[in-house]
Amino acid sequence: MNPQLSVVIPVYNNGELLRTTSFPSLTASEHFDQMEILLVDDGSTYAATREAVAELAAAHTNVRAHFFDDGGSGSGGRPRNMGLDLASAPHIAFLDPDDAVLNDGLWQLGLALERHPSAQLAIGNQLRTYSDRTEHVDNLRHYTHSPRGGLLYAAGGDVLAAAKFRPTNLSSFAVRRDWLRAARIRQVHRAAGQDSLFFLQVFSAAEVFVACRTNTYEYHAEVPGSMVNALTDEYFRKCLLRERAQRTWLDDEGLLETYVRSGFERSFVWYLRQLRRTPSEQRRQAASTLTRIAELYVEDPLRHRWRYPQSMAFFRRPGVPSPEGLKPWAAAARRRAAEGSASLRDALAARRRRAGRTLPGHDR
């Protein structure tokens, strides 16, 4: 076998999703046999998950399994790093068990790298699915600032800063294996959000990327039990691990000041939204951890001039919000207004239907 693309899938106690979601979306590809599928079990404690991994590897010659036997590392960093070490194909892509490939998207990312040898990575778009809606996520609009001709665009720290350090989801890009290994970029063990930091580091280290303007995969945003949907104070402690590593990296790359100015507060406000979803009895400890995260980037959070209303409220530091800081509130207000209008329309339609069923002579 001479695979052209290695797909790394970290697994932990989610074997049923592996069987029903991610793996079928890969086998649907006509190029499935040309891919190397690396199932890395991070020490699952569910026998059914370990059996699923073993059975899939036994059933397909292009599927390889690796098992950790210590009960799990607590995040996807360790199994993904192991996948990077095991990969034998020239290009590497990532997929989580609860997500699905679209339009043969991961193969198309690898093919784009094959066709554009000057690019270190390929980036596509995605769908984000909720229980009541599906959103198209245009990742590329953030990064296509410096055209290099055709589908090629400049990457690097300057472009990342222009994108305000926005990460893209892990399954939205593929990267050259040998280049990545030479760059020595690894995901942080036991951390949350390590995949976002991984993308920032990869994009910053790259010189050129190729744009794939299709939806490469579908991200399922409301999977029960996933790290971002089972929020506890431990989740925020794992975020602190990632933020410490990120702060060190930004400083080493000379990007720290730019990040604090253009990217940090937007990311911090995302944490504040997660805080509202944390069980009430754990919010005090989680809030304390968030203050420690803020202290990594600003000297005194209680005296810092915040630009977003959410940050001002959290630190009890009133001020005048910036236009950028008001955007999330404005977007949320528009969503609430749209939801209210839809509810009103549904109520009026139901009322008309009831009125239409009323028979003559049967007035109350």
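Does Phe165 satisfy the criteria of being open to solvent by less than 30 Å² (accessible area, probe 1.4 Å), free of Cβ contacts under 8 Å to residues at least 40 places away in the same chain and under 16 Å from the mean Cα position of the chain (by Cα)?
Here the answer is no, as Phe165 does not meet what is asked.
Which one of the conditions (1) buried (at least 18 other Cβ atoms within 10 Å of the Cβ); (2) polar (S, T, N, Q); (3) in contact with a strand residue (DSSP E or B) (Cβ under 8 Å, 6 or more places away or on another chain) does Thr214 fail to meet, given that it meets all the rest?
Condition not satisfied by Thr214: (1).
Every residue in the stretch 28-37 that is surrounded by 15 or more Cβ atoms within 10 Å (Cβ to Cβ) and out of contact with any Ser or Thr (no Cβ under 6 Å at 6 or more places or on another chain), please.
Ser29, His31, Phe32, Gln34, Met35, Ile37, listed by residue number.
Please determine whether any residue of the stretch 5-15 is open to solvent by 60 Å² or more (accessible area, probe 1.4 Å) and of a type outside the set (Phe, Trp, Tyr).
no
Among the residues of the stretch 48-62, which ones are open to solvent by less than 90 Å² (accessible area, probe 1.4 Å) and in contact with a helix residue (DSSP H, G or I) (Cβ under 9 Å, 6 or more places away or on another chain)?
Ala48, Thr49, Arg50, Ala52, Val53, Leu56, His60, Asn62
Arg307 passes all but one of (1) open to solvent by 40 Å² or more (accessible area, probe 1.4 Å); (2) out of contact with any Asp or Glu (no Cβ under 7 Å at 6 or more places or on another chain); which number fails?
(2) is the only condition that Arg307 fails.
Mind checking whether some residue in the stretch 138-160 is of a type in the set (Val, Ile, Thr), part of a loop (DSSP other than H, G, I, E, B) and touching a residue at least 40 places away in the same chain (Cβ under 8 Å)?
yes
Scan the stretch 63-80 residue by residue and report those that are among the charged types (D, E, K, R) and assigned to a helix (DSSP H, G or I).
The answer is Arg78, Arg80.
Counting only residues that are at pLDDT below 95, farther than 21 Å from Leu26 by Cα and more than 16 Å from the chain's Cα centre (by Cα), how many does the stretch 95-136 have?
Summing the residues that are at pLDDT below 95, farther than 21 Å from Leu26 by Cα and more than 16 Å from the chain's Cα centre (by Cα) in the stretch 95-136 gives 3.
State yes or no: is Glu257 free of Cβ contacts under 8 Å to residues at least 60 places away in the same chain, charged (D, E, K, R) and under 19 Å from Ala191 (Cα atoms)?
no
Within the stretch 65-83, work out how many residues are aliphatic (A, V, I, L, M) and either closer than 16 Å to Pro97 by Cα or open to solvent by less than 10 Å² (accessible area, probe 1.4 Å) (or both).
Step one: of the stretch 65-83, the residues aliphatic (A, V, I, L, M) are 65, 82.
From the residues that got through so far, the ones that are either closer than 16 Å to Pro97 by Cα or open to solvent by less than 10 Å² (accessible area, probe 1.4 Å) (or both) too are 65.
Total satisfying the criteria: 1.
Looking only at the stretch 316-325, how many residues end up being more than 17 Å from Val260 (Cα to Cα) and open to solvent by less than 70 Å² (accessible area, probe 1.4 Å)?
Total satisfying the criteria: 1.
Scan the helices (runs of 4 or more DSSP H) fully inside the stretch 248-353 and keep the ones with 3 or more residues being at pLDDT 95 or above and of a type in the set (S, T, N, Q).
Result: 283-297.
Looking at the stretch 19-40, can you tell me whether even one residue there is in contact with a Gly (Cβ under 8 Å, 6 or more places away or on another chain) and either outside any strand (DSSP E or B) or at pLDDT below 95 (or both)?
no
Considering only the stretch 243-255, how many residues are open to solvent by less than 20 Å² (accessible area, probe 1.4 Å) and under 13 Å from Gly193 (Cβ atoms)?
2
The values are calculated or read from the model by the stated rules, or taken from the named source; none is laboratory data. Bear in mind that the values here come from a model prediction, so they are computed numbers and not experimental data. As a convention, Cβ positions derive from the backbone with ideal geometry for all residues, glycine included, and neighbour counts pool all protein chains shown. To get the accessible areas, we keep the full protein, side chains included, count just its heavy atoms, and leave off ligands, DNA and RNA. Shrake-Rupley method; radii C 1.70, N 1.55, O 1.52, S 1.80 Å.
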